[in-house]
1. Nearest-5 percent of antiparallel DSSP beta bridges in the chain?
2. Provide the per-residue ³J(HN,Hα) series for the stretch 66-75, in order, calculated from phi with Karplus coefficients 6.51, -1.76, 1.60 and θ = phi - 60°, each as a whole number of Hz, with x at glycine and proline positions.
3. Output ³J(HN,Hα) for the stretch 158-163: one whole-Hz value per residue in order, computed from phi by the Karplus curve 6.51 cos²θ - 1.76 cosθ + 1.60 with θ = phi - 60°, and x for Gly and Pro.
4. Using only protein heavy atoms and a 1.4 Å probe, report how much of THR183 is accessible, in Å² to the nearest 10.
5. Indicate the gyration tensor shape class of the stretch 1-72 (rounded, prolate or oblate), computed on the Cα atoms with a ≥ b ≥ c the square roots of the eigenvalues: a/c under 1.5 is rounded; otherwise a/b larger than b/c is prolate and the rest oblate.
6. Among (1) 54, 46, 30; (2) 47, 39, 30; (3) 56, 36, 33, only one was calculated for this model; which label is it, if the read-out is Cα extents along the principal axes in Å?
7. Quick one: which residues, 5 or more positions from ALA141 or on another chain, have an amide H under 5 Å from its amide H? H modelled 1.01 Å from N in the peptide plane, none for Pro or chain starts.
8. Suppose each label sits 7 Å from its Cα in the direction of the beta carbon; what would the THR160-SER202 distance come out to in nanometres?
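The values are calculated or read from the model by the stated rules, or taken from the named source; none is laboratory data. Quick caveat, the model's predicted, so the values are computed rather than measured. Counting neighbours? That spans all protein chains shown, and the Cβs are built from the backbone with ideal geometry, glycine included. Protein only, heavy atoms only, side chains kept; ligands, DNA and RNA dropped before computing areas. Shrake-Rupley method; radii C 1.70, N 1.55, O 1.52, S 1.80 Å.
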Amino acid sequence: SGADFVSYYNLILNNTSGTNPQFTMEGLATVRNNINFIDGVVATTSTNILVINDNVTATSASDASYVDGPVRKVGNDVFAFPVGDDNNYQPIYITAPGVTTDAFEAQYFETDPDALYDDASKAVGIDHVSSCEYWLLNRTAGTSNVSVTLTWDPNSCGVTNLSTLLVSRWNGTQWTSHGNGGTGGTVTTGTIISSGLVTSFSPFTLASSTSA
């Protein structure tokens, strides 16, 4: 990843300019203690990336303030990636990796994954996958396996029955199921965790085992 472009102990994002994004990364930046999302969207890329170090907290992300682009989390912390797209904060969570040097990267896309990952190619047991959104979650350092939690809100689609929801992952050829280890919330806003640890990483989205 090269040398840091800039390093922050605490970073507070608060820019009410009204333009999106309000902050554009022009290099790699690390946060060493806390990043607080108050107002403003941060635009990142795979090279101009925001790195959140071990034991660092990311607080208060919302539709008004999140990262539009990839975020890298280093460490052995339970973490909610503060990602979103198109004025929509939509985090993805991981359980704690095993080693402080482990790293995961996540990005959210508020678009139909079908253009890149065929909606019609799905494993037995999946009736349909979301046509609204997906996340990229990749393990970039270490070998830790984690459970993955996806979220939905009124901008999501296809969430009509919590008991038949699934965490789904594109394995390179088709959408596969990582099960339903428990849901929270309602059909309007909520979360679902994978039924076990995920060992390979790639695109994730919501899926269902039934048509309704």
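1. If we restrict to bridges inside the chain, about 65 percent are antiparallel.
2. Values per residue, Gly and Pro as x: 6, 9, 9, x, x, 10, 10, 10, 9, x Hz.
3. These are the phi-based 3J(HN,Hα) values: x, 8, 10, 8, 5, 6 Hz.
4. In the full protein context, THR183 sits at about 60 Å².
5. Note, shape of the stretch 1-72 comes out oblate.
6. Comparing each candidate, only (2) matches the computed number.
7. ALA103
8. 2.8 nm
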